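First up is the structure itself, then whatever we jot down about it.
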Amino acid sequence: MREKSIEQKLVKEVSSQGGLCWKFTSPGTAGVPDRLVLLPYGKTGFIEVKAPGKEPTAQQLYRHKQLRNLGFQVFVLDDPDAIGGILDAIQGA
């Protein structure tokens, strides 16, 4: 399965839960997560989407750490079966 397929499933699932799953880009800042997930009741998380078995780069891990240090949730998604669990974690379930 390709990264794009996983990303499409994520977008569809977030939408089905009444949320937004925006492609996140930050010109001039390399390594930011791929998606910003906004769920009802102000629940927010960043998701780095990877092809199965692929790992984030060192630059991506650095950005993840920066975001976590600010109190944001950051997830790496490389398996479509993990989408539900990640969304539950963002919602604090």
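Things to note:
- Modelled label positions at Arg68 and Phe24, each set 7 Å beyond Cα in the direction of Cβ, lie 1.4 nm from each other.
- Fluctuation leader among Leu61, Leu38, Leu70 - the chain, Gaussian network, Cα springs under 10 angstrom: Leu70
- The chain: relative contact order in percent, alpha carbon pairs under 8 Å with at least 6 residues between: 28 percent
- For the chain, the Cβ-based charge dipole about the Cα centre amounts to some 240 debye (Lys, Arg positive; Asp, Glu negative; other atoms uncharged).
- Restricting the chain to trypsin sites (Lys or Arg not before Pro) that sit in a DSSP loop and have at most 14 other Cβ atoms within 10 Å of their own Cβ leaves Arg2, Lys54.
- Annotation: lysines with alpha-carbon distance below 16 angstrom to Lys12 (same-chain offsets under eight excluded): Lys4, Lys23.
- Most simply put, the chain has about 70% antiparallel DSSP beta bridges, counting only bridges with both residues inside it.
FYI, it's all coordinate maths here, none of it is from the lab. Remember, predicted model here, so these are calculated numbers, not experimental data. Methodologically, a virtual Cβ is constructed for each residue, glycine included, from the backbone with ideal geometry; neighbour enumeration extends over all protein chains shown.
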